[in-house]
Every structure is written in C-alpha cells, then in structure tokens.
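**Q** Have a look at the structure that comes next, please.
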Amino acid sequence: MDLPSFLWLWKIAAWSMGLAIVAYLILGISGSWISVRRQAGETEFGWLSTAHNLTGTILVALVLLLLGIGIVGTLGHYGNLAHSVHLPAGITVVLLVLLSAGSAAFITPESIWMRSLHVGVNIAMLLGLIWVSWTGWEVVQKYL
Ligand code: HEM
Ligand code: HEM
C-alpha cells in the first residue's frame with residue numbers, strides 16, 4: 001500500500017480525535033457541575049454555561065472535520081466509500097454529536113425531556129467515540 005499518500009489522513013485524524021476526547025471530558029466535567037448547581041436551586045450558570053457551549057461547538061467542529069477528512073481521504077484513495085465498519089461508526093458519532101447539540105439548544109429550566117435527552121445522547125456518544133477510535137485505529141493498521 002502507498003503509505004505516504006495516506007499518512008496525513010490518519011495523522012490529522014489521530015490529533016483531531018485526541019482533541020475531541022479532551023473536549024468530551026471538559027464537557028462531561030462542566031456539564032456535571034452545571035447539573036449540581038441546578039439541583040442546588042441555581043438557574044443561571046454564567047461563564048460555566050458559556051464554556052460548556054463553546055467547548056460543545058468545538059466538539060461539533062472537530063467531528064465534522066473528521067467526517068470530512070475521512071470521506072475526502074477515502075474517496076481520493078479508493079474512489080468509493082464503505083470499506084469497513086468504520087463508516088457506520090463515524091456516521092453514528094456524527095449523528096449523536098448533532099443530536100446532543102440540537103437537544104442542548106432546547107434546554108430550558110422547565111424542559112426535563114430535552115435535558116434527559118441531552119444527557120442520554122452524551123452517554124451513548126462515549127460508546128460511539130470508543131467505537132470510532134477503535135475501528136479507525138484498526139483501519140490504520142492496514143497501512144503500517
Ligand atoms: C455537543 C455539544 C454540546 C452543547 C452545545 C451543549 C450544551 C448544553 C446546554 C445549553 C446545557 C444546558 C445548561 C446551560 O444552561 O448551560 C447543557 C447541559 C448539560 N450538558 Fe451539555 N452540551 C454539549 C455536549 C455535552 C457533552 C458531550 C456532555 C457530556 C459528556 C454534556 C453534559 C451536560 C450535562 C451533564 C448538562 C447538565 C444537565 C443538567 O442540568 O442536569 N454536554 N449542555
Ligand atoms: C469522530 C471521528 C471520526 C469520524 C466521524 C470518521 C469518519 C470517517 C469516514 C466516514 C470514513 C470513510 C470510511 C469508508 O467509507 O469506509 C473514514 C475513513 C478513515 N478514517 Fe476515520 N473517522 C473518525 C475517526 C478516525 C480516527 C480516530 C482514525 C485513526 C486514527 C481514523 C482513520 C481513518 C482512515 C485511515 C480512513 C481510511 C479508510 C480505509 O482505509 O478503510 N478515523 N473516517
């Protein structure tokens with residue numbers, strides 16, 4: 001296999017994925033903190049809310065970047081898609097991240113449903129991130 005032409009793809013993928021996992025951890029910590037303060041009766045979270053939303057936007061951007069690199073790189077190399085289970089894994093993660101950000105936009109102090117959806121989707125996202133990292137790494141093994 002022609003290694004150099006493909007190396008850039010998984011290098012950027014690996015770095016972006018590292019950042020995405022850091023963003024996920026920051027979101028988990030800041031989100032839990034918001035949850036604790038909300039249950040203590042607060043309704044405004046100031047900079048904590050701003051930081052959570054900003055990090056969330058970064059996560060959305062990183063995952064879309066990874067999707068773009070994956071599709072463009074694969075098309076450029078093979079001329080078509082669907083070479084492994086890494087494709088459904090990638091699509092699942094993108095959908096979950098968009099669902100999480102989408103549900104977050106509708107969270108109000110009264111909306112128990114949207115908050116539960118947001119938290120539930122984020123737990124599923126953790127499994128999705130593990131799945132996409134695992135399958136991405138497996139695919140990289142083919143070129144090493
Ligand atoms: C995908 C981008 C994300 C966006 C745009 C986002 C945005 C939000 C918003 C607007 C809220 C409502 C609280 C507030 O006023 O700030 C919230 C709550 C929360 N988020 Fe996120 N979030 C995202 C991802 C995540 C992720 C990945 C996690 C977990 C790892 C997470 C965990 C939480 C938790 C635990 C709460 C508190 C729920 C409660 O009050 O009980 N969020 N998020
Ligand atoms: C949220 C994270 C990710 C998304 C959304 C994503 C998405 C995609 C998609 C849609 C493809 C095309 C697959 C196909 O048509 O068969 C692809 C290919 C690829 N991805 Fe990812 N990916 C992610 C993370 C990673 C990671 C962490 C790595 C490894 C470090 C990686 C390495 C690759 C490689 C090497 C290919 C070429 C496909 C092949 O040779 O079969 N990706 N990615």
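**Q** Within the set of pairs 6+ apart or on separate chains, which have a first residue in segment 125-144 that is more than 14 Å from His83 (Cβ to Cβ), a second that is more than 8 Å from ligand 2 (Cβ to nearest atom), and C-beta atoms under 6 Å apart?
**A** From segment 125-144, the pairs are Met125/Leu96; Gly128/Thr92; Gly128/Leu96.
**Q** Separate question: Hey, which of the helices (runs of 4 or more DSSP H) in segment 2-118, taking only ones fully inside, have at least 3 residues that are touching a Ser or Thr at 6+ places or on another chain (Cβ under 6 Å)?
**A** Working: elements: 4-39, 46-78, 86-104.
Once the helices (runs of 4 or more DSSP H) in segment 2-118 are filtered for at least 3 residues that are touching a Ser or Thr at 6+ places or on another chain (Cβ under 6 Å), what remains is 4-39, 46-78.
**Q** Scan segment 74-95 and give yes if some residue there is near ligand 1 (Cβ under 10 Å from one of its atoms) and surrounded by 14 or more Cβ atoms within 10 Å (Cβ to Cβ), otherwise no.
**A** Filtering segment 74-95 down to residues near ligand 1 (Cβ under 10 Å from one of its atoms) leaves none.
No, every residue in segment 74-95 fails to be near ligand 1 (Cβ under 10 Å from one of its atoms) and surrounded by 14 or more Cβ atoms within 10 Å (Cβ to Cβ).
Quick grid of which residues meet (1) more than 11 Å from ligand 2 (Cβ to nearest atom); (2) within 12 Å of the chain's Cα centre (by Cα); (3) of a type in the set (Asp, Glu):
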position	(1), (2), (3)
Trp15	no, no, no
Val22	yes, yes, no
Glu42	yes, no, yes
Leu75	no, no, no
Ala82	no, no, no
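**Q** What's the number of the only condition in (1) over 14 Å from Leu126 (Cα atoms); (2) touching a residue at least 24 places away in the same chain (Cβ under 8 Å); (3) not aromatic (Phe, Trp, Tyr) that Val93 fails to meet?
**A** (1)
**Q** Check whether at least one residue in segment 118-127 is closer than 14 Å to Leu27 by Cβ, within 14 Å of ligand 1 (Cβ to nearest atom), β-branched (Val, Ile, Thr) and buried (at least 19 other Cβ atoms within 10 Å of the Cβ), and report yes or no.
**A** Looking through segment 118-127, at least one residue is closer than 14 Å to Leu27 by Cβ, within 14 Å of ligand 1 (Cβ to nearest atom), β-branched (Val, Ile, Thr) and buried (at least 19 other Cβ atoms within 10 Å of the Cβ).
**Q** Give me the residue from segment 106-131 that is modelled with pLDDT of 95 or more and of a type in the set (Gly, Ala, Ser) and, out of that set, farthest from ligand 2 (Cβ to nearest atom).
**A** Ranking the candidates gives Ser116 first.
The values are calculated or read from the model by the stated rules, or taken from the named source; none is laboratory data. Remember, it's a predicted structure, so these values are computed and weren't measured experimentally. Please note: Cβ atoms are built from the backbone with ideal geometry, for glycine as well, and neighbour counts cover all protein chains shown.
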